[in-house]
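Working notes, beginning with the structure itself.
The values are calculated or read from the model by the stated rules, or taken from the named source; none is laboratory data. Bear in mind that the values here come from a model prediction, so they are computed numbers and not experimental data. When we count neighbours, we look across all protein chains shown, and the Cβ atoms used for this are built from the backbone with ideal geometry, even at glycine.
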Amino acid sequence: MPGLNLITTINYSPNFQVKKRKKSEIKFLVFHYTGMKKEKDAIKRLTSKKSKVSSHYFIKKNGEIITLVPNSYIAWHAGVSAWNKYKFLNKYSIGIEISNPGHEFKYTNFKNKQIKSVLKLSRFLIRKYNINSKFIVGHSDISPNRKKDPGEKFPWKYLSKKNIGYWHNLNQKKLINYRSKNVSDFEKNTFIENLYKIGYSKNLINKNTNLNKILTIAFQRRFRQELINGKIDKECILICENISKKYK
Ligand SMILES: [Zn+2]
């Protein structure tokens, strides 16, 4: 079958669950950025026993794909997380770390070679495990209370055109007119309901914190990447409504 081979460099991490999982348990792709200044240090961390973190794949700045943990084992990349009716997504997911210093160290655009490798790797995994588009997520989608990665520079729109993850099909030029436009409380409530339909979870977030704001920021990082302010505006509402229809 074409497309069912993938060439990677092997550099195994000791951080994984010894018990194998079933192929049918693999339902998610989770994208991350490393959030470290130096790529070498990120690889070191993901392969050192002390850190207790790992991922299945690592995509270097030059596009090279490293296998850290074989897919049949659970890697430790998602932590406390939820999406749809799933919790603790390590068990159900394949974690892909992409080298990028992240928000803490001058967040940069992902390299073209990295995105090419994201494409190649995702296509391979989607075919092999029959991954549904609604289960292709970023770390900030599933842990919105504590994570920003892979961040607003991750090219979700481009990837969706290659059938990797969902995006809206609204006219971008028209949408801009609705940016920062005020909305009613009723519309805000509908927006939040639509977020839950998409898969965002309210269960991770302490009731004392501003749940709606945290979820809105996560939504914007993913689906309205030009302005991330945690405010529900008319553009967010339109995008969210459009996207929620795909997540049935
Ligand atoms: Zn992450």
Out of 228, 239, sole residue that is of a type in the set (A, V, I, L, M, F, W, C) and either without any contact (Cβ under 8 Å) to a residue 24 or more places away in the chain or not in a loop (DSSP other than H, G, I, E, B) (or both): 239
Can you tell me which of (1) within 14 Å of the ligand (Cβ to nearest atom); (2) free of Cβ contacts under 8 Å to residues at least 24 places away in the same chain; (3) not acidic (Asp, Glu) is the one residue 78 doesn't meet? (2)
Go through the residues of the stretch 85-106 one by one and say whether even a single one is crowded, with 19+ Cβ neighbours inside 10 Å, in contact with an Asp or Glu (Cβ under 8 Å, 6 or more places away or on another chain) and either β-branched (Val, Ile, Thr) or in the same structural domain as residue 198 (by TED's automatic domain parsing) (or both). no
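Across the stretch 93-127, which residue is nearest to residue 32 (Cα to Cα) among those that are among the hydroxyl-bearing types (Ser, Thr, Tyr) and within 14 Å of the ligand (Cβ to nearest atom)? Steps first, please.
Taking the stretch 93-127 first, the residues among the hydroxyl-bearing types (Ser, Thr, Tyr) are 93, 99, 107-108, 117, 122.
Pick out the ones that are also within 14 Å of the ligand (Cβ to nearest atom) and you get 93, 99, 107.
Numbers: 93: 12, 99: 9, 107: 13 Å.
Among them, the one singled out is 99.
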Which listed residue, of 196, 166, 178, is more than 18 Å from the chain's Cα centre (by Cα) and either of a type outside the set (A, V, I, L, M) or surrounded by fewer than 16 Cβ atoms within 10 Å (Cβ to Cβ) (or both): 178
Which of the residues spanning the stretch 208-225 are among the charged types (D, E, K, R), assigned to a loop (DSSP other than H, G, I, E, B) and either farther than 24 Å from residue 184 by Cβ or assigned by TED's automatic domain parsing to the domain that holds residue 150 (or both)? none
The residue that is farthest from residue 168 (Cα to Cα), considering only those in the stretch 209-232 that are surrounded by fewer than 21 Cβ atoms within 10 Å (Cβ to Cβ) and in contact with a Lys or Arg (Cβ under 7 Å, 6 or more places away or on another chain), is 211
Of the residues in the stretch 198-221, those that are touching a Ser or Thr at 6+ places or on another chain (Cβ under 9 Å) and under 18 Å from residue 134 (Cα atoms) come to 198, 201, 215, 218, 221
Among the numbered criteria (1) in the same structural domain as residue 13 (by TED's automatic domain parsing); (2) out of contact with any strand residue (DSSP E or B) (no Cβ under 7 Å at 6 or more places or on another chain); (3) not in a helix (DSSP H, G or I), which single criterion is violated by residue 124? (3)
From the residues in the stretch 131-185 that are among the small types (Gly, Ala, Ser) and in a loop (DSSP other than H, G, I, E, B), which one is nearest to the ligand (Cβ to nearest atom)? 143
Take the stretch 116-128 and flag every residue that is touching a helix residue (DSSP H, G or I) at 6+ places or on another chain (Cβ under 8 Å) and either buried (at least 19 other Cβ atoms within 10 Å of the Cβ) or of a type in the set (Lys, Arg) (or both). 118, 122
